[in-house]
Amino acid sequence: MPGSFKTEAVVLRSIRYGEADRVLNLYSVDRGRVGAIAKGARRMRSRLGGRLEPLARVKLVLHEGRGDLCTVTAVDTVNAHPALRESRQPLERAASACDAVLRLFDSGEPNRPAYNLLCNQLALLDSDPEAATRAQSLAFRMKLLLAAGFAPELASCVSCGEADDLGGFSPAAGGVVCASCEAGSFPLDADGHAFLVGALARPLSETPAAPERALAQADRAIAETLEHHAHVRLRRVA
């Protein structure tokens, strides 16, 4: 039924529309992906515009009509993450996190773990620019896979259950494989395996360090798992 509702959301993307409006992609705590229009948001005296920048966490009142887009009628800032815009690396990592959520969670079904994960990632990057590393961004994506239900099997061979001699990763099969089942896999050495396990087990603020070879393997494992099982292609983490 059409009507107004309140929600909390992160602004994933903002697109100019018409002479003064903005079309927003929001990820909300209780409604999943929401498309909205902020009418007049680009006017100088608008009370909406400055609070609806990408990466902002906001509380909104939205009116749901008969069209595809809700209309923003009121907005309050929860966290604008101002420090993110002061350094290139945190800004790029934060934008990458929002883009991953935008592509992976495209329905109106809420996913509170994904929402909380995104909020935590933005808050961490805002408070600690030194956290904006390749390893940390990959750890975020691993946790996002878990929230989406696509986390790979890492404890034993996904094909036969063998817990030893794990030296490969099969995106199609959905996890690590042993030497006997390695057909169709790519190499995943001990450091790469340990990073993937640690990325899932440890908080975002305690992302494990790993050599570049291990991070490259982890990046490939995450990206190809998404492509095979979620049919989503993300830009590799540099």
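Note on the stretch 22-37: residues that are farther than 13 Å from residue 108 by Cα and either of a type in the set (A, V, I, L, M) or surrounded by fewer than 20 Cβ atoms within 10 Å (Cβ to Cβ) (or both) total 3. Do we have any residue at all in the stretch 81-98 that's assigned to a loop (DSSP other than H, G, I, E, B), loosely packed, with under 14 Cβ neighbours inside 10 Å, in contact (Cβ under 8 Å) with a residue 24 or more places away in the chain and not small (Gly, Ala, Ser)? No: zero hits. The sole residue among 96, 14 that is under 30 Å from residue 149 (Cα atoms), assigned by TED's automatic domain parsing to the domain that holds residue 224 and among the hydroxyl-bearing types (Ser, Thr, Tyr) is 96. Within the stretch 157-178, the set of residues being among the aliphatic types (A, V, I, L, M) and either assigned to a strand (DSSP E or B) or within 19 Å of residue 214 (Cβ to Cβ) (or both) comprises 166, 176, 177.
Look at the stretch 167-179: where a residue is modelled with pLDDT of 95 or more and a partner is basic (Lys, Arg), sitting 6+ places away or on another chain with Cβ atoms under 8 Å, you get 169/220.
Taking the condition of being exposed (fewer than 14 other Cβ atoms within 10 Å of the Cβ) and either of a type in the set (A, V, I, L, M, F, W, C) or not in a helix (DSSP H, G or I) (or both), how many residues in the stretch 40-62 meet it? Step through it out loud before you land on a result.
As a first pass, look at the stretch 40-62 and keep what is exposed (fewer than 14 other Cβ atoms within 10 Å of the Cβ): 43-45, 47, 50.
Right, trim to either of a type in the set (A, V, I, L, M, F, W, C) or not in a helix (DSSP H, G or I) (or both) and you get 43-45, 47.
Qualifying residue count for the region: 4.
Of all residues being over 25 Å from the mean Cα position of the chain (by Cα) and outside any strand (DSSP E or B) in the stretch 1-39, which is nearest to residue 58 (Cα to Cα)? Just the residue, please. Among those that are over 25 Å from the mean Cα position of the chain (by Cα) and outside any strand (DSSP E or B), it is 39. Just one residue in the set 155, 139 is assigned by TED's automatic domain parsing to the domain that holds residue 210, of a type in the set (Gly, Ala, Ser), over 19 Å from residue 27 (Cβ atoms) and crowded, with 19+ Cβ neighbours inside 10 Å; that residue is 139. For the stretch 57-69, a tally of residues being closer than 21 Å to residue 98 by Cβ and free of Cβ contacts under 8 Å to residues at least 60 places away in the same chain returns 6.
Scanning the stretch 63-80 for residues that are touching a helix residue (DSSP H, G or I) at 6+ places or on another chain (Cβ under 9 Å) and crowded, with 16+ Cβ neighbours inside 10 Å, we see that the one that is farthest from residue 48 (Cα to Cα) is 80.
Residue by residue through the stretch 179-224, note down the ones that are part of a helix (DSSP H, G or I), exposed (fewer than 14 other Cβ atoms within 10 Å of the Cβ) and among the charged types (D, E, K, R). Once the filter is applied, which keeps residues that are part of a helix (DSSP H, G or I), exposed (fewer than 14 other Cβ atoms within 10 Å of the Cβ) and among the charged types (D, E, K, R), the stretch 179-224 yields 206, 212, 213.
The values are calculated or read from the model by the stated rules, or taken from the named source; none is laboratory data. In this text, all values refer to a predicted model and were calculated from it rather than measured experimentally. Note that we place each Cβ from the backbone using ideal geometry, even for glycine, and neighbour counts take in every protein chain shown.
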